[in-house]
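Presented below is the structure to which this report refers.
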Amino acid sequence: MRTAYSVETVRTAERELMARLPDGALMQRAAAGLAAACADLLGRVYGRRVVLLVGSGDNGGDALYAGARLARRGAGVAAVLLAPDRAHPGGLAALRRAGGTVTRPGGVAGDLIDRADLVVDGIVGIGGKGGLRPDAASLAERAAASRAAVVAVDLPSGVEADTGEVRGAAIRADLTVTFGTHKPGLLIDPARAYAGTVRLVDIGLDLPAQPDVQALQHADVAGLLPLPAAESDKYRRGVVGIAAGSARYPGAAVLAVSGALRGGAGAVRYVGPAGHAVIARFPETLVSDQGPHKAGRVQAWVVGPGAGDDAATVAEVLETDVPVLIDADGLRLADRDAVRARTAPTLMTPHAGEAAALLGVAREEVEGARLESVRKLALLYGATVLLKGSTTLVADAGGVAVRVNATGTPWLATAGSGDVLSGLAGSLLAAGLPALDAGSVAAYLHGLAGRYAADGAPVGAHDVAAAIPEAWRDVRH
């Protein structure tokens, strides 16, 4: 599992470690890891041209010391000092001793960047807020237009470490070398898109057991998947109820059922007006037109996909005492007080537009501050919230623990894909997973299934559902 910690937590851990180490040792560890990553990216160091963009903080010091190491291996290294009077003195001296040169922003700096093989971004540290200042922004723009590879020190300058927000100009890196732990902004969009590949360098930090953000990996998901035992029957494996679809949107019901059938539950009950369409596609589905209360025993409900204006069914499902997943039209129709009053788990699965409507803000606000938005929505409804997007975020009902998933592909931005995800997550709820795990595992499998189904070409939601077993097998093996 990848974990990320806030700036405050990282700084506390760094202070505690520095108190036990000789002066400057921690920065040397970071610089050594940074230099090794740069050398790996260059392939051959001798004769390569490296430009360091150096600010006044420790990131600038890391860049200077790393540049000195590269210079000693035969690279031509030039440092552009954005704050000459406040550049790290030890790092600056080390670079000069190794034969590196120093300049300031301006025409010469731009020419150096144009000719560089590698640009190292040490402008702003993890505490930076807002976008880059004009002189730094012009250098970032020049680096982006050059042929050089760009390496960010700890975090791309201009993005916010704790939130993943990007509020102005920022460095776009090919590689980010981060120290001690991931920072939330390296895992969460929009900042994640600026980080490129992320390489973690262990510098010996002692961090708390509970991170601010988690990202599951194959092994984590494999350990959470519900697997049948020898004595299992369809009821012991869990039964998921799907209350979805309408005369106008029967396909939403079919797609939600398709995801549910592949999610690990033993049976799927469908309630709604699209029963004939569901049976025609999936004859193993248990279909009822008598409403949720008369559908028979279920261990979890999915309500809302394609529901239109059927508020009565949404309200009826919310009255049950089993876990409930609310999606699509159900998010609009669900009464907030009724959701908050529930004693069984609730999982809500909005996209950015739906989340914005629930929060009463513009969609752009949600997209620009995804971590803050998912936490706010979880607290507002007292529910676990899965916020869909290029990185899917899942926040628990307390609004503290957040998981991030990036297994998806842009090809998943297709009609009905969310219905498949809802059915899949609902099935995992019925199989007994807690809401946070059900949402996280479903997002992970759904993203992988999207990759396998698309394979670089357009894909339909039904193709994604069909690829879920392949994703499941991949995770387990």
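The values are calculated or read from the model by the stated rules, or taken from the named source; none is laboratory data. Treat the numbers as computed from the prediction; the structure is a model and nothing was measured. FYI the Cβ positions are ideal-geometry reconstructions off the backbone, even for glycines, and counts take in every protein chain you see. Accessible surface areas use protein heavy atoms only, side chains included; no ligands, DNA or RNA. Shrake-Rupley method; radii C 1.70, N 1.55, O 1.52, S 1.80 Å.
Before moving on, here are some points about what is shown:
- Straight-line reach from residue 183: taking Cα to Cα under 28 Å and skipping same-chain neighbours fewer than 8 places apart, the lysines in range are 129, 376, 388.
- Convex hull per residue volume in Å³, alpha carbons only, for region 32-161: 89 Å³
- Annotation: amide H of residue 348 within the under-5 Å range of 326, 384, 385, 386, sequence separation 5 or more or interchain, hydrogens built in the peptide plane.
- Accessible-area composition of the chain, carbon plus sulfur, in percent [1.4 Å probe]: 49 percent
- Mean ellipticity per residue at 222 nm, deg cm²/dmol - from DSSP H runs of n ≥ 4 across the chain, formula -39500 (n - 2.57): -12500 deg cm²/dmol
- Antiparallel DSSP beta bridges within the chain, as percent of all bridges there, nearest 5: 20 percent
- Overall form of region 1-93 per C-alpha gyration tensor (a/c, 1.5; a/b vs b/c): prolate
- Distance between the pseudo-spin-label points of residue 361 and residue 236 (7 Å out from Cα toward the beta carbon): 4.7 nm.
- Per-pair calculated FRET efficiency, R0 = 25 Å: residue 466 and residue 229 via Cβ, rounded to 0.05: 0.40
- Rounded to whole Hz, the Karplus (6.51, -1.76, 1.60) HN-Hα couplings of region 185-195, x for glycine and proline: x, 7, 10, 10, 6, x, 4, 4, 5, 8, 8
- Loop trypsin sites (Lys or Arg not before Pro), region 304-342 (other Cβ atoms within 10 Å of the site Cβ: 14 or fewer; DSSP): none
- Sequence-distant contacts, meaning Cα pairs under 8 Å at least 6 residues apart, place the relative contact order of region 346-424 at 24 percent.
- Separation of region 423-446 from region 462-477 is 14 Å, based on Cα centroids.
- Shape summary of region 130-241, radius of gyration then Dmax from alpha carbon positions: 20.2, 68 Å.
- Restricting region 299-358 to GluC sites (Glu not before Pro) in coil, as DSSP defines it, with at most 14 other Cβ within 10 Å: 319
- Taking 7 Å steps out from each Cα toward its Cβ at residue 380 and residue 111 produces label points 5.5 nm apart.
- Each part gets one Cα centre, and for region 1-73 versus region 309-359 those centres are 47 Å apart.
- Among the trypsin sites (Lys or Arg not before Pro) within region 1-85, those in coil by DSSP and having at most 11 neighbouring Cβ atoms inside 10 Å are 20, 44.
- Anisotropy class of region 346-477 from Cα gyration tensor, a/c 1.5 cut: oblate
- Residue-normalised accessible area of region 41-127, expressed per residue, 1.4 Å probe, Å²: 41 Å²
- Cα→Cβ-extended label distance, 7 Å offset, between residue 280 and residue 413, nm: 3.2 nm
- Note that region 338-477 presents 35 Å² accessible area per residue, ligands and nucleic acids not counted, probe 1.4 Å.
- With at most 16 neighbouring Cβ atoms within 10 Å, loop chymotrypsin sites (Phe, Trp or Tyr not before Pro) (DSSP) excluded, longest segment of the chain: 236-477
- Full extension of the chain between residue 101 and residue 332 yields a length gain of 77.1 nm, computed as 0.36 nm times the residue separation minus the alpha carbon distance.
- Sequence-distant aspartates and glutamates (8 or more away, or on other chains) whose Cα lies within less than 14 Å of residue 234: 284
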